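The values are calculated or read from the model by the stated rules, or taken from the named source; none is laboratory data. Everything quoted here is computed from the prediction, not taken from an experiment. Because the Cβ atoms are built from the backbone with ideal geometry, glycine has one as well, and the counts that use them run over all protein chains shown. Remember, those area values only see protein heavy atoms, side chains included, never the ligands or the DNA or RNA. Shrake-Rupley method; radii C 1.70, N 1.55, O 1.52, S 1.80 Å.
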Amino acid sequence: MTPLRRALDALYLIGGIAGGIALAAIGAIIATQVIGRQFGATVLGADDLTAFSVAASATLPLAYAFRHGAHIRVDLIIGRLSGAPRFVMETIALGIAAALCAFFAYSMLDLAFDSFEFEDVAQGSVAWKLWVPQGMVGAGVAIFAICLIDDLVVHLTGGVPSYRRAAEMSALERAAEEV
């Protein structure tokens, strides 16, 4: 395994772990609110923190999930193709997805930078700095864009993209279970 492959896989894993931490934070915040209500206490800013954590948990693990075939893929067209037509269609799909994610990442990171520069804060009960959750969403989508570009390069150089490799492994595991 090359150093670049190890670095990219580590980046995707870090995104997955950060997404898992954000998901755990949602549970912790909600549990704190429920327990606090039993004692007449309120947690200021909990709604905002939960919303920020939801955004982070939805975007940070995108690349990790994609690499492991955990995304729902509908391959009504690509699944029926083989050879050169499939190669072209997968190239187009990966290229468009990577371009859209890169644009979204740029937009979110630009928004986070603007929020940092202008010291923009949430309008809830606590004035949370908005650049933090915006930056997390931007980072998650940027990592996903890198992942898509990674698979596009693998595909263009004749390798098997991660999503196809994961699907093939799942098919092999199902076949082994049936035997």
(message) Springs between alpha-carbon pairs under 10 angstrom, Gaussian network model over the chain: which of ARG37, ARG86, ARG165 fluctuates most?
(response) ARG37
(request) Could you give the size of the charge dipole of the chain about its Cα centre, using +1 on the Cβ of each K and R and -1 on the Cβ of each D and E, expressed in debye and rounded to the nearest 20? (result) 460
(message) Once you place label points 7 Å from the Cα toward the Cβ at VAL121 and ALA24, how far apart are they in nm?
(response) 3.0
(message) Suppose accessible area is computed on protein heavy atoms with a 1.4 Å probe; arrange ILE29, ILE21, ILE149 from highest to lowest.
(response) ILE21, ILE149, ILE29
(message) Can you give me the accessible area per residue for the chain, using a 1.4 Å probe, in Å²?
(response) 61
(request) Could you list the chymotrypsin sites (Phe, Trp or Tyr not before Pro) in segment 58-149 that lie in coil according to DSSP, counting only those with at most 12 other Cβ atoms within 10 Å of their Cβ? (result) PHE118
(request) Report the residue, chosen from VAL154, VAL54, VAL34, that carries the largest GNM mean-square fluctuation when the chain is represented by alpha-carbon nodes joined by springs under 10 Å. (result) VAL34
(message) How large a share of the accessible area of segment 86-179, in percent, is made up of carbon and sulfur atoms when the probe is 1.4 Å and the other protein chains stay in place?
(response) 71
(message) Test of understanding: what is the full-extension gain from ASP75 to VAL54, defined as 0.36 nm times their sequence separation minus their Cα-Cα distance?
(response) 4.8 nm
(request) Treating the angle as unsigned and between 0 and 90°, give the value, to the nearest 10°, between the Cα long axis of helix 3-38 and the longest Cα principal axis of the chain. (result) 40
(request) Search the structure for amide H atoms under 5 Å from the amide H of VAL121, placed 1.01 Å from N in the peptide plane, and list their residues when 5 or more places away or on another chain. (result) LEU130
(message) For a bin width of 5 Å, list the pair-distance distribution of the chain built from all Cα-Cα distances, rounded to whole %.
(response) 1, 8, 12, 16, 15, 13, 11, 8, 6, 4, 3, 1, 0, 0
(request) Kindly write out, for segment 150-161 in residue order, the coupling ³J(HN,Hα) from the Karplus curve 6.51 cos²θ - 1.76 cosθ + 1.60 (θ = phi - 60°), rounded to whole Hz, with x marking Gly and Pro. (result) 4, 5, 5, 5, 4, 4, 5, 8, x, x, 9, x
(message) Please give me the summed charge of the neighbours of ARG86: other residues whose Cβ is under 13 Å from its Cβ, Lys and Arg +1, Asp and Glu -1.
(response) 0
(message) Tell me the net charge near GLY135. Cut-off is 13 Å between Cβ atoms, GLY135 excluded, with +1 for each Lys or Arg and -1 for each Asp or Glu.
(response) -3
(request) With unit charges on the beta carbon (Lys/Arg positive, Asp/Glu negative), name the residue among SER57, GLY135, ILE78 whose Cα is farthest towards the positive pole of the charge dipole of the chain. (result) ILE78
(message) If you count only protein heavy atoms and use a 1.4 Å probe, how large is the accessible surface of LEU76, to the nearest 10 Å²?
(response) 120
